[in-house]
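Read the structure below first, then the notes.
The values are calculated or read from the model by the stated rules, or taken from the named source; none is laboratory data. None of these values were measured; they are calculated from a predicted model. All Cβ positions, glycine included, derive from the backbone under ideal geometry; neighbour counts span all protein chains shown. Protein only, heavy atoms only, side chains kept; ligands, DNA and RNA dropped before computing areas. Shrake-Rupley method; radii C 1.70, N 1.55, O 1.52, S 1.80 Å.
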Amino acid sequence: MVSTYCELCFWGCGVRAHVRDGRVTKITGNPEHPLSRGMLCPRGAGATGQLYDPDRLRRPLVRRSQRGDDVFEEVSWDAALNEVGARLDDVARRHGREAVALFTHGSGGVWFKHFMKAWGSPNIGAPSYAQCRGPREAAFTITYGTPLGSPEPIDLANARAITLIGSHLGENMHNTQVQELAEAIGNGAGLVVVDPRFSVAAGKARYWLPIKPGTDIALLLAWIHVLVQEKLYDADYVAQYTEGFAELTAHVADKTPEWAFAITGVDPALIRASARFIGGARPASLIHPGRHTVWYGDDTQRERAMAILAALLGSWGRRGGYLTPAKFPLPGYPLPADLPHHGGAAPVADRPKGGGYPLATEVLASGLCDATKPGHALYDLKAWIVYGCNLVQAMPGRQELVEKMQHLDFLVAVDVLPAEIAGWADVVLPESTYLERDDDVSAPAYKRPFVAIRQAVVEPLHDSKPGWWIAKELANRVGLGAWFPWKDAKEYVRARLAQKGLSYEELAAKGVLLGPPVATCEEEGAPIGAATESGKIQLYAKELSALGFDPLPVYRPQDDGPPGSFRLLSGRAPLHTFGRTTNNRLLAEPYPENEVWLNADAARSLPGFEVTPLVNGERVVLVNQDGVRSTPVRVKLTQRIRGDCVFLVHGFGQTAKKQRRAFGRGASDAQLTSRYKVDPIMGGTGMNVNFVRVERAGEAA
Ligand code: SF4
């Protein structure tokens, strides 16, 4: 049995891999690890399906046809890395080192980030920011002076009220949060779920608010109105730790539940009752900050309203609310000198030429894509290194993405499976799965500081190589080998641990080492505070006002879409992590394809379906406002969704033919997301702004 940490998603649960006769037979949770606590989500338990996937990339590939044709020749590692090195050097010679960008997702990206810093480009981005949690990070930074990071430092287990706004925990399987949610419900906590869909979480809720999509800010303002009017907020906390309460009070004075009803469609009595419940449970009343937060382009303001609500409840810094996390104090690898180009001499190329997105707290992956279009940004990007992220499914505006990629001189993809992005690459490098490779340790800020090890459980299959090896060998090809002085990842980790007097062998045996317990909330002795300039929580944000943005969240109506169409919403299923798992036999057998949720009454009144109504499970095609057609997908006719929207689980409708199990299964919400609204504050790409009509599969285009 070997201890390591999981990468079927990016939560990082500690696992134990059971091995018999050189094969991994079973994955179980490491009971000592604070994120898994001995239990795994189904994806984590299905990791052997990835390891033994017959469709894995086996050998390095070099493109021998036009980009996008997905026609490659197998070559040796030496030949592939020589080609990558020569092409990157060529780009640097002609356009500068900063013309190379890295897109990354997952813990193995650490080696390629290090490569980029040594190389001298600041263009390192992850879709997990501008295409996912970015708005909440910006909003919490504006309000509390600090982003939340991952895992979010929330205390679900001790909350008495938990409010989920569009978060469908239980379908979205971040392991620790699902465990704590179950614990909280078992202890009598009540759930408030705001969702146009009756999600799994809604099924457990005391209050379900089936909101009209795009109107959440109105609901949040109405809740704040009730808390203020009925004095359900924590007056002492507000007086001591916040700024701007008077402005907030004036701002919400007319935002009554009746006002919100006309916008949200939620009964005013339900708005009042849920607000009283939320207020009554304070301070152990948790407003979950959400994770995939890019919806309508006003997302930082929605997250601001949630952050303000949390402050009124006095839950920031308190048990059952937002905790003060701590990191295991582990220094980096002791390099003999600072990286030569650390941070890069050039500015990041992720903003438009004239500037924009002033409060982005990380690099915008979408901005890096834009900078590949000549003349858009300060300078043009000419080469991409894409590590472990399928940009074709992650980015909105697929057609635009394809056009941008055509401007590249060079694209190299590093991945385990032949995802869609690999089809667009010039060179494809097959990485080993997490069960076959050593990596850097995991030591995120959390309630209990910890450091966990990733170590190879079995030898790499086929001709795949671990990321650390690929990055080091690539560095050798471009004259940067001195910045990769470690023999291997083991030696790298050993050197990090040695600085704290920690034993590699002990960590390898246990999988995780815990730091001493820390005070994480006021009840344990941790001071409440904000890392803002004034040291106070910013209910009214002068910083936003100075930049020309609303200092308090304002509801502005969203477009309702063409008549007869449905707003396209997307989310997660417990067995899958986007398209990363859809080819995994163990996970695809029980959940092989997504289905489109459509309100049964709305389906009955669809024009063209009067004579022969749709039946449950029938295949339909979704056609968006720009004429983009989905692959055929089964319809789920249900009362569990409003009649003005449809819902798809993300990650299906794959077009990569070499993933034989996933190819063509279900429909891709990403393909239908031809439009997006950019958040002017931080550059997130709001994607819930697309509308589809429903056609019977087989109908003429
Ligand atoms: Fe693995 Fe599931 Fe944990 Fe993600 S939540 S790291 S898939 S066990």
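Taking every DSSP helix (H) stretch of at least 4 residues in the chain, weighting each as -39,500 (n - 2.57) and dividing the sum by the residue count yields a mean residue ellipticity at 222 nm of -7500 deg cm²/dmol. When R23, R43 are compared by accessible surface with a 1.4 Å probe, the order from highest to lowest is R23, R43.
Exposure check, 1.4 Å probe, all protein chains in place: Y233 carries approximately 30 Å² of accessible surface.
Charges were assigned to the Cβ only: +1 to each Lys and Arg, -1 to each Asp and Glu. The resulting dipole of segment 491-554 about its Cα centre is roughly 220 debye. Look at where the Cα atoms of segment 295-374 and of segment 143-195 average out, and the two centres are 21 Å apart.
Taking Cα centroids, how far is segment 62-139 from segment 641-664 in Å? Here the answer is 27 Å between Cα centres.
For R634, the solvent-accessible surface computed with a 1.4 Å probe is close to 90 Å², ligands and nucleic acids excluded. Cross-link reach is defined here as a Cα-Cα straight distance under 13 Å, omitting same-chain residues fewer than 8 places apart; for K113 the aspartates and glutamates meeting it are D440. The mean of 1/r over all distinct Cα pairs in segment 587-635, once inverted, gives the Kirkwood hydrodynamic radius of 12.2 Å. Students often forget the sequence filter, so: which aspartates and glutamates lie under 15 Å Cα-Cα from K255 once same-chain residues fewer than 8 apart are removed? Result set, ordered by chain and number: D216, E230, E247, D267. The residues M395, M687, M39, sorted by heavy-atom accessible surface at 1.4 Å with ligands and nucleic acids left out, run M39, M687, M395 from largest to smallest. Projecting label points 7 angstrom from Cα along Cα→Cβ for A235 and R67 puts them 6.4 nm apart. Divide the volume of the convex hull around the Cα atoms of segment 1-99 by the residue count and you get 174 Å³ per residue.
For segment 242-347, a Kirkwood radius taken over Cα pairs fed into Stokes-Einstein (10 °C, viscosity 1.306 mPa s) yields D = 90 µm²/s. Here the calculated FRET efficiency for R94 and A337, from their Cβ-Cβ distance with R0 = 25 Å, stands at 0.30, rounded to the nearest 0.05.
Can you give me the C-alpha center-to-center distance between segment 208-285 and segment 542-610, rounded to a whole angstrom? Here the two parts' Cα centres lie 25 Å apart. Computed over the Cα atoms of segment 299-346, the ratio of the radius of gyration to the Kirkwood radius (Rg/Rh) comes to 1.28.
For the chain, the spread of Cα coordinates along the three principal axes comes to 69, 67, 55 Å, biggest extent given first. Over 28 Å between Cα atoms, which of K382/K472; K231/K542; K382/K677; K212/K327 qualify? With Cα atoms farther than 28 Å apart: K212/K327. The H on the amide N of H33, modeled in the peptide plane, is under 5 Å from the matching H of G38, each at least 5 residues off or on a different chain. Sorting Y434, Y555 by solvent-accessible area of protein heavy atoms yields Y555, Y434, largest first, with a 1.4 Å probe. The heavy atoms of K373 offer some 100 square angstrom of accessible surface to a 1.4 angstrom probe. Taking only the Cα atoms of segment 340-380, the radius of gyration and Dmax are 10.3, 29 Å.
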